[in-house]
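Structure record follows, encoded as structure tokens.
Values quoted throughout were computed directly from the atomic coordinates according to the rules given, and no laboratory measurement underlies them. Since we're looking at a predicted model, the values are computed, not measured. Because the Cβ atoms are built from the backbone with ideal geometry, glycine has one as well, and the counts that use them run over all protein chains shown.
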Amino acid sequence: MAYSETAKTHYTNELKGIRSGGLFKEERFIESPQAARIKVEYPLGAAPKEVINLCANNYLGLSSHPDVLEAARKGLETRGYGMSSVRFICGTQDIHHELENKLTEFLGTEDTILFPSCMEANAAIFEVLLDKDDAMIADRLVHASIVDGMRLSKAQLYNYKHSNMEHLEEKLQETQGCRFRMIITDGVFSMDGDIAKLDVICDLAEKYNAMVMLDDSHASGFMGKRGKGTHEHCGVMGRIDAITTTLGKALGGAAGGCLSGRKELVELCRQRARPYLFSNTVPPVVVAASIRVIDLIEKSTDRRDKLEENTMFFREQMTKAGFDIREGVHPIVPVMLYNAKLAQDVARDLYAEGIYVVGFFFPVVPQGQARIRTQVSADHEREHLEKAVAAFTKVGKKYNILGKKKDEIIAMYGV
Amino acid sequence: MAVHERVKEFFRNELVELQNADLFKEERYVCSPQAADIVVEYPPNAPPRRVINFCANNYLGLSTHPAVIEAAKKGLEERGFGMSSVRFICGTQDIHKELERKVSGFLGMDDTILYSSCFDANGGVFEALLGEEDALISDELNHASIIDGIRLCKAERHRYKHGDLHDLEHHLKQTQDKRFRMIVTDGAFSMDGVVAKLDEICWLAEEYDAILLVDDSHATGFIGKTGRGTHEHFDVMDRVDLITTTFGKALGGASGGCVSGKQFFIDILRQRSRPYLFSNTLSPVVVAATIKAIELLEGSTHLRDKLERNALYFRQHIRDAGFEVKDGFHPIVPIMIHDARIVQEMARSLYDEGIYVIGFFYPVVPRGAARIRVQLSAAHEIEHIDKALAAFTKIGRKLGVVK
């Protein structure tokens, strides 16, 4: 064996540490397609059980939509399964170009470049677009993939306090000497479901001559009246320079991401973005299905409207039931429990009641901010949500947290 | 001037410079599935024409194999299109586990963790396993995704000269005081089609107590007597600690990658590897089709045997025609032209003859080492290859590359 026993011992101890810290991530096996109701085997070896899923990014219920499946099947037949190539060698089909144009049109930008995932889009763009004379000014809570992308860029890194516009302005003043500045934010922040103040951000960007980059992965397809994203929701379409987003959440949920924005930025990424040049093209089956997804949501806002109604209903009912939920309008509805063990206990009891949710705790959220992050979908019917509220209420009673404020919950369970 | 104007001007200039330097990458639209014969629209809006494809990583011809497409369709029906989730929230299906087991069995490893791509696997493996007390010792010609993964890792970085095991040993000696050392190499190098000397690298790893990671993206499925990869070819199947590889080349070619290796490494990656925790799970349709691809390869070596014959046939005849070819047996066959301008003209002329190949030149390969990289596939029949040989000879003579 090439590795030493020391290495084995070291890694085995690390794993023990993760387990004893209560931080071990377990996987549950799903034996059905993604949907409002799924069949899950958990714990491993247990008889599969049907539960209501409240933790997928399947916001529009398109992950197993019959039209999307049909388009995927047709894509397989007419364009094959894989391309076995990067884009610029022999991995660009006519449909890749078609999907890029559709996304450009849908998002209201100038041009779009596809990536295998939004993770790779975010990993790529900062290194291509910015250099050491430039500054990246990022919200402290941006997604991990943006953090990694910024780590790969030579540009100077500045952080501003989460959604704190005064602090952002300070950083813009501090960086006046830089060649280009880019303000970097998530459209919707995934742990809290809160929305970036894009109107203020755009005003500041214009005042200080900075670019704006937005990751709209938790918004594309359903935020804004026509579902175009947070830039539509905040009334700033046309004022964002670069939008990255995913096809892996609301827009079908299989894979793929993109950068959409000003033509020059997109074109330069085609020449220089490492994951674009060195990783596979998006497979035809995903491209074909994604084209259909965009067609569906352009034709009708029914699904986003239903998602909006479901979200309002669930937020109202959970508040009425006495839960401490983060305010907002987004289908991410964080149920605050503050204590990591409590979050895991409540999630387990809810699973026993047929509701699939996951507890989030440090290091995914700050210490003392443990929660259950529920996510509403257009696939949910009223009765799914009513059942979920009833189950939450039952479990909430058991732990005596209904109607309790933050301090009272912490007094009972600690942080 | 407003930032947008300044940015526009700046990036426009960058693009013009690329064009002036002949470094601008153009995309050609393929209007058919990936196969030996494809329909291409090039330049844009020209009438589509049928050409023979010699530049895909479709080594085994599985990208449009009917059994793979059938499995993908069945996957769609039974497990849906997307999971809209990362693995540990609600993105793990029973078939994800099944694929991980299948890959482990095929590669002869303890366990396997799936990623959206091998690019992500390489991006996520180093940082999760090594820290600043450790050292990475990497072949200088390793793939870009390994380089990026190493850039994200805090371990001390060492590069050894391509394939130079004396230099590797030198770095192993230099890093004796480190907690852990990891040797990192591609199994097959994509620009030259040469394979790493894994037998000798294994000896060094054992002598110096280092961990060995091999990226076998250009080998999994067809190198080695039963196609397991370069570790099978060198008879060191139980001596490699970690293999990263892709499902995006020989194994169907859609997407997805993995890290396969010792149990405790894979267990740590599931807890800490950022692209695994923060990017989507592999889509059910890709999982289902990849399971089928591996089953096909386990059932018969027919495809890899045919690929081997095709590669040998092409290598021998292109050499007989007078071309300079890098030695080897890999289906990547670099035809050395040296001059960047001639290489581009040659690729263009070959396209006019119905042969789709790409010229590679600086900065992708060193200056003066411009080449046409031909890739053979089990989807090619002898008549495809004969046509290519005839076209190469004709154009090679016209451009004075061969007599």
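At a glance:
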read-out	value
Percentage relative contact order, chain B, counting C-alpha pairs under 8 Å, at least six apart	21 percent
Rounded, prolate or oblate (a/c below 1.5 giving rounded, otherwise prolate when a/b exceeds b/c) for the range A:28-165 by Cα gyration tensor	oblate
Estimated distance in nm for a label pair at A:Lys207 and A:Glu31, the labels positioned 7 Å out from Cα along Cα-to-Cβ	5.9 nm
Global size of the range A:1-86 as Cα Rg and Dmax, reported in angstrom	20.3, 54
Of the trypsin sites (Lys or Arg not before Pro) in the range A:217-271, those whose Cβ has at most 13 other Cβ within 10 Å and which sit in DSSP loop	A:Lys225
Crossing angle, helix B:284-299 versus chain B [Cα axis fit, 0-90 degrees, rounded to tens]	80 degrees
Charged-residue dipole, Cβ positions (Lys, Arg, Asp, Glu), the range B:1-53 about Cα centre, Debye nearest 20	160 debye
Euclidean distance of C-alpha centroids, the range B:278-331 and the range A:71-141, integer Å	27 Å
The range A:1-54 and the range A:366-390: distance between their alpha carbon centers, rounded to Å	22 Å
Where trypsin sites (Lys or Arg not before Pro) fall in DSSP loop in the range B:215-275, at most 13 other Cβ within 10 Å	B:Lys225
Which listed pairs, of A:Lys154/A:Lys197; B:Lys73/B:Lys154; A:Lys306/A:Lys341, have C-alpha distances above 32 Å, in listed order	B:Lys73/B:Lys154; A:Lys306/A:Lys341
Reach of A:Lys394 by Cα under 18 Å, taken over aspartates and glutamates that are not fewer than 8 positions away in the same chain	A:Glu316, A:Asp324, A:Asp345, A:Asp349, A:Glu353, A:Glu383, A:Glu386
Distance between modelled label sites at B:Asp320 and A:Ala144, nm, 7 Å Cα→Cβ extension	5.5 nm
For the protein assembly as shown: rounded, prolate or oblate by the Cα gyration tensor [a/c cutoff 1.5]	prolate
Cα-based helix-to-principal-axis angle, B:66-79 vs chain B, degrees rounded to 10	50 degrees
Loop sites in the range A:311-405: trypsin sites (Lys or Arg not before Pro), DSSP, at most 13 other Cβ within 10 Å	A:Lys405
Helix-only mean residue ellipticity at 222 nm for chain B, each DSSP H run of n ≥ 4 adding -39500 (n - 2.57), per residue, nearest 500	-13500 deg cm²/dmol
Rounded FRET efficiency, nearest 0.05, which uses the C-beta distance separating A:Ala390 from B:Glu383 and R0 of 51 Å	0.15
Percent of beta bridges antiparallel (DSSP, the range A:66-299, rounded to nearest 5)	40 percent
The range B:360-403: C-alpha gyration tensor shape, a/c 1.5 cut-off, then a/b vs b/c	oblate
Computed magnitude of the charge dipole of the range A:184-247 (debye, nearest 20; Cβ of K, R +1, Cβ of D, E -1)	240 debye
Relative contact order of the range A:66-299, defined on C-alpha pairs under 8 angstrom at six or more residues apart (%)	31 percent
On Cα atoms only, tilt of B:340-352 relative to the major axis of chain B in degrees	70 degrees
Charge dipole (the range B:25-176, unit charges on Cβ, about Cα centre) - positive-most of B:Ala128, B:Asn45, B:Gly163	B:Asn45
Three semi-axes of the equivalent ellipsoid, the range A:66-299, Cα gyration tensor, whole Å, largest first	30, 20, 13
Under 25 Å from B:Lys197, Cα to Cα: lysines that are on another chain or at least 8 residues apart	B:Lys161, B:Lys173, B:Lys178, B:Lys225, B:Lys249, B:Lys262, B:Lys306, B:Lys326
Distance between modelled label sites at A:Lys299 and B:Glu140, nm, 7 Å Cα→Cβ extension	5.8 nm
Charge dipole (debye, nearest 20) of chain B; +1 at Cβ of Lys and Arg, -1 at Cβ of Asp and Glu	1000 debye
Order of B:Thr230, A:Thr393 under a 10 Å beta carbon neighbour criterion, fewest first	A:Thr393, B:Thr230
Value of [θ]222 nm, deg cm²/dmol, for chain A, DSSP H segments ≥ 4, -39500 (n - 2.57) each, nearest 500	-13500 deg cm²/dmol
Part-to-part distance (alpha-carbon centres) for the range B:53-96 and the range A:315-361, which is given in Å	34 Å
Under 13 Å from the B:Ala46 label point (7 Å along Cα→beta-carbon), backbone N, the range B:370-398	none
Anchor B:Lys394: aspartates and glutamates whose Cα lies under 19 Å away (excluding residues fewer than 8 positions away in-chain)	B:Asp320, B:Glu324, B:Asp339, B:Glu345, B:Asp352, B:Glu353, B:Glu383, B:Asp386
Local electrostatic count at B:Thr175 - Lys and Arg +1, Asp and Glu -1, tallied over other residues with Cβ under 14 Å	-3
